[in-house]
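Student: Below is the structure I would like to discuss, written out as C-alpha cells.
The values are calculated or read from the model by the stated rules, or taken from the named source; none is laboratory data. Given the structure is predicted, the values throughout are model-derived calculations rather than measurements. Positions of Cβ are backbone-derived with ideal geometry, glycine not excepted, and every protein chain shown enters the neighbour counts.
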C-alpha cells in the first residue's frame, strides 16, 4: 500500500499540489453550493406563509423581436396574479413589425403599456437607455425584468418571483434557463448557464451577491433611483444586470427564488460560434466586479483548471496512477453528491453525469475567451 504513494521526489510534490487544489474545490462545494442545496431542501419542506402581494411592473426591452413578442408576450400578460400588474415593453429602435404587433396586443390587454425609441442612424445606444425609459414609465414600485425571447415557466411565474420580496428584501434573483434540445452545443450552453446560476445564487445566499441575469430578476424602483440607475457604468453597453447588482446589493437586501415555476426559458444558440460570441460579450463586464468577488471566482476557475491538468497528466505519466485516480474520484464524488439535488431542482438531470466532461472543458474555453476579449467594452453589441 505504501508503494502506491510517492514517498519523495517530484510526484510527491505533485500529489501535495493536487490535494491542495482538491481542498479548494471541496471548499466551494461545501461552503457555497451545498448551501444552495440546503436552501432548496428547506424551501421544499417549508409551509406556505401569509404574504401580501405587491402590484408589479414587468419590464421588457425589445429590438427587432417581433416574432418573440408574438410567441411569448401573451404568456407574460396573462399571469395569474392576485393584484394588478402592468407589462411595460420598450420597443427599442426596431425595424421589424414590433410596433404594429404591440399596438394590436394593446387592444387585447389593458395591462400592456408600450413605448418606442425611434430608429436613428446617428444615435447609437445600448440596452440601458431602453431599460431606464421602461423603469421611468413603470407605475409600480416592484419591477420584474425579462427579455422578449424568454417564456415564463407557467402562469404563476410572477407570483413566485414576487414572493422573494419578504423581510425587507430589495432584490430578487431568479433562474433564466435555456430550452433543452438535442445536440452537444445545447448541452454545453445549458451546463454553462447552470454553473453560472449555481454560483451567483450560492454567493447571494452567503451575502456576496455579485450578479443576476436580465432574463429573470427583480428589484424595487426606489433602489434603482437610490443607486443612481446605471450612471456608474453607463459608458459600457453591457452590464445592466450584473453591474447594477454589484452597485445595489448588500449582505441583507438580496433574496433568491428557486421554485421551478419561477424560471424563464429562452431559445438556445444553434452553433458553438454563436455561444462564443454571446459568452465573450458577457465576459466584458467581469473585470469590473468587486475585488473580493473576482478573487473568489478566479480562484474557483483556476483551481478547477489546474486540478484537471495535473490530475490527468499524473494518471498517464506517473507510476502512481492509482493514488491520483483516487483523488479524482473524491472530487467527482463530492461534485455529484452536491449537484444531485441542484440538477433535479433546475430540471437539468442530464447534466449530472454529462457535466463531468464539461466540468473539465468549460473553464479552459472560458479562460481562452476571457483572454481574447477586447478591453474596449464600448464595442459590445446591444444585449
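Student: Out of 85, 51, I need the residue that is out of contact with any helix residue (DSSP H, G or I) (no Cβ under 6 Å at 6 or more places or on another chain) and modelled with pLDDT of 95 or more. Which one?
Tutor: Numbers: 51 fails: modelled with pLDDT of 95 or more.
Of 85, 51, the one residue that is out of contact with any helix residue (DSSP H, G or I) (no Cβ under 6 Å at 6 or more places or on another chain) and modelled with pLDDT of 95 or more is 85.
Student: Return the only residue of 21, 12 being at pLDDT 95 or above and either surrounded by 15 or more Cβ atoms within 10 Å (Cβ to Cβ) or in a helix (DSSP H, G or I) (or both).
Tutor: Being at pLDDT 95 or above and either surrounded by 15 or more Cβ atoms within 10 Å (Cβ to Cβ) or in a helix (DSSP H, G or I) (or both) holds for just one of 21, 12, which is 21.
Residues are listed down the side, and each one gets a yes or a no for (1) within 23 Å of residue 157 (Cβ to Cβ); (2) part of a helix (DSSP H, G or I); (3) in contact with a strand residue (DSSP E or B) (Cβ under 7 Å, 6 or more places away or on another chain):
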position: 181; (1), (2), (3): yes, no, no
position: 187; (1), (2), (3): no, yes, no
position: 194; (1), (2), (3): yes, yes, no
position: 208; (1), (2), (3): no, no, no
position: 213; (1), (2), (3): yes, no, yes
position: 224; (1), (2), (3): yes, yes, no
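Student: Name the pairs: first residue in segment 250-265 and closer than 12 Å to residue 202 by Cα, second residue assigned to a loop (DSSP other than H, G, I, E, B), Cβ to Cβ under 6 Å, at least 6 apart or on different chains?
Tutor: 254/209; 255/164; 255/169; 257/164; 257/174
Student: With the checklist (1) over 23 Å from residue 242 (Cα atoms); (2) surrounded by 19 or more Cβ atoms within 10 Å (Cβ to Cβ); (3) in contact with a strand residue (DSSP E or B) (Cβ under 9 Å, 6 or more places away or on another chain) in hand, flag the one item residue 314 doesn't pass.
Tutor: The failed condition is (3).
Student: I would also like to ask the following. For segment 98-124, give me each residue that is surrounded by 15 or more Cβ atoms within 10 Å (Cβ to Cβ) and either part of a loop (DSSP other than H, G, I, E, B) or at positive phi (or both).
Tutor: Correct list: 109, 111.
Student: Residue check: is residue 191 modelled with pLDDT under 95, within 18 Å of the chain's Cα centre (by Cα) and either buried (at least 20 other Cβ atoms within 10 Å of the Cβ) or under 16 Å from residue 82 (Cβ atoms) (or both)?
Tutor: Working: modelled with pLDDT under 95: yes; within 18 Å of the chain's Cα centre (by Cα): yes; either buried (at least 20 other Cβ atoms within 10 Å of the Cβ) or under 16 Å from residue 82 (Cβ atoms) (or both): yes.
Against the criterion (modelled with pLDDT under 95, within 18 Å of the chain's Cα centre (by Cα) and either buried (at least 20 other Cβ atoms within 10 Å of the Cβ) or under 16 Å from residue 82 (Cβ atoms) (or both)), residue 191 qualifies.
Student: Do the conditions hold for residue 172, that is, is it closer than 24 Å to residue 296 by Cα, touching a helix residue (DSSP H, G or I) at 6+ places or on another chain (Cβ under 9 Å) and assigned to a loop (DSSP other than H, G, I, E, B)? Break it down stepwise before answering.
Tutor: On the way: closer than 24 Å to residue 296 by Cα: yes; touching a helix residue (DSSP H, G or I) at 6+ places or on another chain (Cβ under 9 Å): yes; assigned to a loop (DSSP other than H, G, I, E, B): no.
Against the criterion (closer than 24 Å to residue 296 by Cα, touching a helix residue (DSSP H, G or I) at 6+ places or on another chain (Cβ under 9 Å) and assigned to a loop (DSSP other than H, G, I, E, B)), residue 172 does not qualify.
Student: Got a sec? Which of 220, 226 is free of Cβ contacts under 8 Å to residues at least 24 places away in the same chain and closer than 27 Å to residue 136 by Cα? Spell out the reasoning first.
Tutor: Values: 220 fails: free of Cβ contacts under 8 Å to residues at least 24 places away in the same chain.
Being free of Cβ contacts under 8 Å to residues at least 24 places away in the same chain and closer than 27 Å to residue 136 by Cα holds for just one of 220, 226, which is 226.
Student: Could you please find all residues in segment 1-44 being in contact with a strand residue (DSSP E or B) (Cβ under 9 Å, 6 or more places away or on another chain) and closer than 11 Å to residue 338 by Cβ? First the steps, then the outcome.
Tutor: Filtering segment 1-44 down to residues in contact with a strand residue (DSSP E or B) (Cβ under 9 Å, 6 or more places away or on another chain) leaves 36, 39.
Answer for segment 1-44, where residues must be in contact with a strand residue (DSSP E or B) (Cβ under 9 Å, 6 or more places away or on another chain) and closer than 11 Å to residue 338 by Cβ: just 36.
Student: In addition: Conditions first: (1) closer than 18 Å to residue 214 by Cβ; (2) modelled with pLDDT of 95 or more; (3) outside any strand (DSSP E or B). Residue 57 passes all but one, so which condition is the exception?
Tutor: (3)
Student: Let me ask something additional. Condition first: surrounded by fewer than 19 Cβ atoms within 10 Å (Cβ to Cβ) and assigned to a helix (DSSP H, G or I). Now tell me which residues in segment 60-76 satisfy that.
Tutor: Of everything in segment 60-76, those that are surrounded by fewer than 19 Cβ atoms within 10 Å (Cβ to Cβ) and assigned to a helix (DSSP H, G or I) turn out to be 67, 70, 71, 74, 75.
Student: Evaluate segment 99-116: report whether one residue or more is assigned by TED's automatic domain parsing to the domain that holds residue 267 and within 30 Å of residue 207 (Cα to Cα).
Tutor: In the first step, residues of segment 99-116 are kept if they are assigned by TED's automatic domain parsing to the domain that holds residue 267; the result is 99-116.
Within this subset, residues satisfying the condition of being within 30 Å of residue 207 (Cα to Cα) are none.
No, the conditions are met nowhere in segment 99-116.
Student: Out of the helices (runs of 4 or more DSSP H) lying entirely within segment 272-368, which hold 2 or more residues that are touching a residue at least 40 places away in the same chain (Cβ under 8 Å), assigned by TED's automatic domain parsing to the domain that holds residue 20 and in contact with a helix residue (DSSP H, G or I) (Cβ under 6 Å, 6 or more places away or on another chain)?
Tutor: Details: elements: 272-283, 291-317, 321-345.
So the answer is 291-317, 321-345.
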